Structure formats: structure tokens, C-alpha cells
Amino acid sequence: MKVLLKIAWRNIWRHRLRSLVVIISIILGIWAGIFVSAFSFGLNDQRKVSMIRNQISHLQVHNPRFSEDQSVQHLLANSPKLEEWTKQNTDAQYAFRMKTMGMAATAHYGGGVQIIGIRPEQEASLTGLQSRVDSGSYLDDEGRNPILIGAALAEKLEVKPGSKVILSFSDEEQNLVSASFKVRGLYHDVSSQIEKMQVFVRSSDLQKLLGVQSNQFHELAILLQDDAQVEAQAQAIAAAFPNEKVESWKELAPELAYADEIMSQALYFVIGIIMLALSFGIINTMLMAVLERRKELGVLMSVGMSKRRVFAMIILETLFLALLSGPMGIIAAYLSVSGTAETGLNLAMFSDGLASYGIGTIIYPVLPNSFYFGTSAIVFIMTLLAALYPARHALKLNPVETMRTL
Amino acid sequence: MSVIETQNLSRVYQDGDSEIHAVDKIDLSVEAGEFTAIIGPSGSGKTTLLNLIGGLDNPTSGTVTVEGKPIHQLKDNELINFRLQHIGFVFQAYNLIPVLSARENVEFIMLLQGQSKQERESRAKELLQAVGLEQQMHKRPSELSGGQQQRVAVARALASKPSFVLADEPTANLDSKSTEDLLDIMHKLNKEEGITFLFSTHDQRVIDRAERLIYVEDGKIKSDEKQ
């Protein structure tokens, strides 16, 4: 075995350039496959984090009927008790909200919006809404009926801070209510869809207009300090408030939760295809190596080298190519993933497209470690399969025919 | 006792519609310790005869018996093993393994036989010494001259302690000096160690040294004489 290893190793260096071409192409293939995977995972992660931080939070508590029917009367069953509970459990951030659908209109345009009544301070610390106000200012206790609207909607409505917007919606008794709001500021969001849809007012103003008491809300959003605590906290709250419905982000946005799994399957598939293409390169190279060494292999068989050993030698040569290039490709990929994981890749030029997808312009590649092992396994298996054909070809050689003379 | 014995040995090739009788009903017996040359013009069937005796080719009819064993009945894998244990080969084009050094080439056969490292090393050294290449044993074939390579090939052929050595035109690619050296070595091994050599050759220098000459033409033995 040792001498077979030695022969196989030396054989691959007989055609240095040819072996190097194969090695480099495997390195590049693995590197590209892994790096693209890390980039995709990063994109996905960022979308998830951004959705959790800016939009849905880790947990939301509602009236059990609210998710099917967002009518005004489907308030939280026990808002005051929930509020008390939030004051005792200070290791998370909370925001109480009112929510209703309505119309926003100016002289130029009118369209459907989701009107969200917030407590400005709570919302600022939970979703960072305050920091996303670009022009004008954030909501506070001053002034009458201030409103924050998204920059994209402002463009449609042709309003700027100081302008008036009319909001119309149904109150608790299904009467149509219209009220004039003064634009306090314009916010931006990574998602342009959200900028067009959501407007923020003070919850106290909305409660008055809807005819709801000032301690009643539709929604409690909770942002935990630790992602891993989501399930445990959801259960704890559900146990404490059996009349409310508690949902985690995975239930609120299942597409975010499944994305990781779907992504990893899709990426293994991509890497598989890359390796399939590379394995044809390997087959080609090894077949060439077998064909040009027909005579030599014939001699080996003549002097008594068994077919099993000839087969093993060709397999070993192929595996050496993979063992040389596989780790290098994986190391190169690891270095470039960890190198860009902190600085990120700036994709400012594609920012419009990314914004509507719900992510920022800098992507931070990230890859689960299991992926490196998975990729290594794919490389190993594909190379082994690629080795079989040339090795089988070597077995079929007939010593006399290969040598012509004895 | 005969080391090699063929009876009614034939090998027929199909060439389109016609049949070529490369070896035609040859009866031949080679005794232990002989130094025999098979001679004849190109295409006379010398090489085919050696291939059949060496178990590299299967006869169309007839038998080949080596040390009492009918090798024409062996299966592929059994033949490979039989060659490994009983037959030493020397090829016209040396055919050493290019990626192994002279010593490793010689050791390789013994390694296939499963001999211990110690045995291999000492025998390889001894054989390379016998062919006068002790100094070159760490060189690879590409670093050796043709004559030196062929001497390594002789050492390799002897490494497995074979019943006999088959050599197909061993001097065809060598100059006079190398040919003389090689023949001296083979002759010495034949005389001192009793090793049986069977050559095919055109080379007058080899013919002059051979002790038995078998003249083959059109696949048949035309003459067989000791000199």
C-alpha cells in the first residue's frame, strides 16, 4: 500500500501543469461554491435580523381573533395586566400598539395604509423608528395629531413635514372617522413596501378617534435580548395570559424561518452541480493519464501487479488531486468568508433591489460550519466517482496489446 | 527436468478473412539452466511464442507447461500471480517504472510478492551490485543510460527468484559496449546462479553467446541446435 501511495503521488507530478490545472479548478470551484453560499446565507440572515429588529420583533401578543379579523374591537383581552407584567420583566423591550387599516389622502393622491398607533418612546427603543426619521422630527407629546409617514408614501402624497394628511378609518361602532394629521417627519425603511404602507401616529390620538380607552391596545411586541429564548418566553407568556394569543417570529413570518432550510438545500444543490462539472474535468485528466500510460500499466500487469492494485493506484492518484485541492479550496473559502464577515460586502449599486427585498446594502457573508464539512464530503464523493471510470478503463487493458512487444 | 514445455502450441490471429498462424504447432522443451536464443526474421512469431510462454497471451490450441503447471488453463488473476512468482521479464524498451528509483524498481516485484522490507532491501542491493549499479541505485530511470536501465530491468526480473527469465530483444536498443556488459552479466548469472534465460533476438552478439539456438520462421521451428 505504501508503495502504491508513493507511485500514485509521484505519478500526479509527472505532468505538473496538467495536475495543477485540475487542482486549481477544483480550488476555484469549491471557493466559489462556498463563498456564494456564505453570501446567500448572509443575505438571508440579514433579511431575518432586519425583519425582526425593524418590523415583527421576536414575539407578538394579540387578541386570539385579531389575526383573522383586524377589527377595532379585537383588542388585547387584558392590556392593563400585560402592561404590569412588562414592568416586572425588564430584561426585554416592549411596545404596545394600536392598529387599524384606513386611507391616507391629500389633494394629489389617496391610498390604503396601515395606521399604527404607538407610544413614541417605546417604539423608538424597540424598532429604532426614531433613528429612521430622515426629515422633520420624531413623534412626541407636543402638537395635535402628528403623523410619521414613509418617504415613499410622502412622494406619492406629495407631502413634506408640516403638510396635512387626511386619515379615514372605521371606529369601534363601524362609523367612518376622518381626521386631519400633520406630517411630523418622514421615515425610511429597508423595505420600500413598508414605507408605502405604514403610517405612525400616537396611540393616544388613535384611541380617542377609535373610541377606545387609553389603556387598551391591539398588540404587544416583544424584543428579547437572546434569540434562543424565543420559544421559552412565548410559552411563559401564554401560560400567564391564557386569553391572549402569543406568536413567535417564526409563526408570524414562516417564510423567514424556512428560508434557512430551503437555502441550505438549494446551495448543496449548487455545489453539487459545480462538483459535477469539475468531476468531468477530473475524468478527462485521469483518462488521459491512463491512456498515455497504457504501456506502462501493461508492463505493471505483465510483471505481476494485480488488477486490484492497478485499480487502486488510479483511484489513489485521483484522490490525491482532490485531497490537495479540496482543503485548499475550503481554506480559501473560509478565509474569504471570515475576512468579509466583519467588513461586509458593499452592494450600494444594487441597493434599490435589495431594499425592496428588506435588507441593507452591506451584506455580511456567514456560513454554518456544517456546510464546510458537507462540501468536503461532496468533493470527496464526487472525486471518488470520477475516478471509477478511468480506473475501470485501466483494468480492461490487455498487457500484450498495450506493449505490442513483450 | 523441463522448466518450459509446449506441445502443439498454436496462436492464430484473424486478419480480415484470412488467418495468420503466428505460432504453428510448436513443440518445445527448455531445461533448467539453459541460455537459449530464439532467432528468426521479423514477423516469424518469436515474440508471440515468448508471450505465450510468459502467460501474457492465450494459445488458440496446444499447451504451455511451466514447472509442471499447465498455465494455459489459468484464469487472468491466477496468471498474473503465476507470472509474479515464476517468470522474470526483460523488455526491449526496458519498461521500468519511471517514478521509482532503480532500487525501488527492483524492490517493487518483491513487494508485490509480499516479502519483508529487510529481505527486499538486501536482495535489491545484492542484485544491483550483481549488475554493477550499486552506485546508481537511488537514481530514477530517466537519469540512467539505456544500458544501465536494461541492467536494472535484469535485476528486477531476477528479484522474484523466477524459474526462468524471458527477454524479448533485450539488446535491441543498446550500443555494443552496453550489449557486451549486459551479456556478461546475464551469462554470469546463468553460470553462477543457474538461472534459465530464454531470449528472442536478431542481434548477432547475442546469438554468438547463446548456448542453444532455436530458429523460427512462419511460426514453426526450422532448426534447434546447441552450440
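The values are calculated or read from the model by the stated rules, or taken from the named source; none is laboratory data. This is a predicted model, so every value here is computed, not measured. Every residue, glycine among them, receives a Cβ derived from its backbone with ideal geometry; neighbour counts consider all protein chains shown.
Would you point out the residue of the stretch A:4-25, among those that are surrounded by fewer than 17 Cβ atoms within 10 Å (Cβ to Cβ) and of a type in the set (Val, Ile, Thr), that is nearest to the chain's Cα centre (by Cα)?
Checking each candidate, the answer is A:Ile24.
Which residue is farthest from the other protein chains (Cβ to nearest Cβ), if the candidates are limited to the stretch A:1-30 and must be of a type in the set (A, V, I, L, M, F, W, C) and in contact with a Ser or Thr (Cβ under 7 Å, 6 or more places away or on another chain)?
If we take residues in the stretch A:1-30 being of a type in the set (A, V, I, L, M, F, W, C) and in contact with a Ser or Thr (Cβ under 7 Å, 6 or more places away or on another chain), then A:Ile30 is farthest from the other protein chains (Cβ to nearest Cβ).
Output the residues belonging to the stretch B:81-92 that are at the interface with another protein chain (Cβ under 8 Å from one of its Cβ atoms) and touching a residue at least 40 places away in the same chain (Cβ under 8 Å).
Listed by number, the residues that qualify are B:Leu84, B:Gln85, B:Phe89, B:Phe91, B:Gln92.
Which ones in the stretch A:264-320 are part of a helix (DSSP H, G or I) and polar (S, T, N, Q)?
A:Ser264, A:Gln265, A:Ser279, A:Asn284, A:Thr285, A:Ser302, A:Thr318
If you take the residues in the stretch B:101-131 that are surrounded by fewer than 21 Cβ atoms within 10 Å (Cβ to Cβ) and away from chain A (no Cβ under 14 Å), which one is farthest from the chain's Cα centre (by Cα)?
Per the stated criteria, the residue is B:Gln118.
Find the strands (runs of 3 or more DSSP E) located wholly in the stretch B:1-84 whose residues include 3 or more that are in contact with a His (Cβ under 9 Å, 6 or more places away or on another chain), and list them.
In the stretch B:1-84, B:2-15, B:61-66 are the strands (runs of 3 or more DSSP E) which contain 3 or more residues that are in contact with a His (Cβ under 9 Å, 6 or more places away or on another chain).
Farther than 30 Å from B:Asp168 by Cβ, outside any helix (DSSP H, G or I) and not basic (Lys, Arg): is that true of A:Val230 in this structure?
no
Would a scan of the stretch A:110-131 turn up a residue that is over 17 Å from A:Leu148 (Cα atoms), in contact with a Lys or Arg (Cβ under 7 Å, 6 or more places away or on another chain) and either of a type in the set (Phe, Trp, Tyr) or in the same structural domain as A:Leu148 (by TED's automatic domain parsing) (or both)?
No, every residue in the stretch A:110-131 fails to be over 17 Å from A:Leu148 (Cα atoms), in contact with a Lys or Arg (Cβ under 7 Å, 6 or more places away or on another chain) and either of a type in the set (Phe, Trp, Tyr) or in the same structural domain as A:Leu148 (by TED's automatic domain parsing) (or both).
Determine which single condition B:Leu96 fails, assuming it passes every other condition in (1) assigned to a loop (DSSP other than H, G, I, E, B); (2) surrounded by fewer than 24 Cβ atoms within 10 Å (Cβ to Cβ); (3) more than 8 Å from every other protein chain (Cβ to nearest Cβ).
(2)
Tell me, which helices (runs of 4 or more DSSP H) lie completely within the stretch B:101-195 with 1 or more residues that are closer than 26 Å to B:Glu211 by Cβ?
B:117-130, B:146-159, B:176-193
Looking at the stretch A:212-265, which of the residues that are among the charged types (D, E, K, R) and out of contact with any strand residue (DSSP E or B) (no Cβ under 6 Å at 6 or more places or on another chain) is nearest to A:His62 (Cα to Cα)?
A:Glu251
With modelled with pLDDT of 90 or more, within 12 Å of chain A (Cβ to nearest Cβ) and more than 21 Å from A:Arg293 (Cα to Cα) as the only criterion, which of B:Ala153, B:Ala167 stands out?
Unique residue meeting the criteria: B:Ala167.
Scan the stretch B:56-80 for residues that are within 7 Å of another protein chain (Cβ to nearest Cβ) and under 16 Å from the mean Cα position of the chain (by Cα) and jot them down.
B:Leu56, B:Asp57, B:Ile80, listed by residue number.
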